[in-house]
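The block underneath contains the structure these notes are about, expressed in structure tokens.
The values are calculated or read from the model by the stated rules, or taken from the named source; none is laboratory data. Owing to the predicted nature of the structure, the values given are computational and were not obtained by experimental measurement. Quick reminder, even Gly has a Cβ in these numbers, built from the backbone with ideal geometry, and neighbours come from all protein chains shown.
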């Protein structure tokens, strides 16, 4: 098991570097989408991880016609278009709560750098830390959502404010 943990840590370090590299354009709601007009690709933070594991693992989602994205093509990785496939969860040892934190922060517009900081906190400290998420949705006129992330082990906290999709 020790070898698996080391591999997981190296994978997470590579993921964090990729998020900070500027090589990936950030998107929301889908692992990967490409706009038809200019072939501009966007990835959510989880899609970046999929791409690192196998850049050729993407398949065009034939059922991706969406009234919300008429000018984009959605892609699936290991038959998943929206969520991290189980095959990857097994490699990086993220809990469903931690995955939900990453999805929420990404989809309200939290930067890849903020997500990288959260991943560092989960994985790269001396011992495993566990995070808790509190979500506050603004009233109908503000259309904002605030996510407060706090650690159950230490005093780490961050707040991300963005769009309420």
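What the table below lists for this structure:
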read-out: Selection from segment 125-151 of residues that are at pLDDT 75 or above and surrounded by fewer than 18 Cβ atoms within 10 Å (Cβ to Cβ); value: 146, 148, 150, 151
read-out: Counted residues, segment 74-89 - those being farther than 25 Å from residue 10 by Cα and at pLDDT below 85; value: 0
read-out: Filtered residues of segment 104-122 (kept if in a loop (DSSP other than H, G, I, E, B) and buried (at least 22 other Cβ atoms within 10 Å of the Cβ)); value: 110
read-out: Only one of 59, 155 that is loosely packed, with under 13 Cβ neighbours inside 10 Å, within 20 Å of residue 40 (Cα to Cα) and modelled with pLDDT of 75 or more; value: 59
read-out: In segment 32-47, the residues that are loosely packed, with under 14 Cβ neighbours inside 10 Å and in a strand (DSSP E or B); value: 40
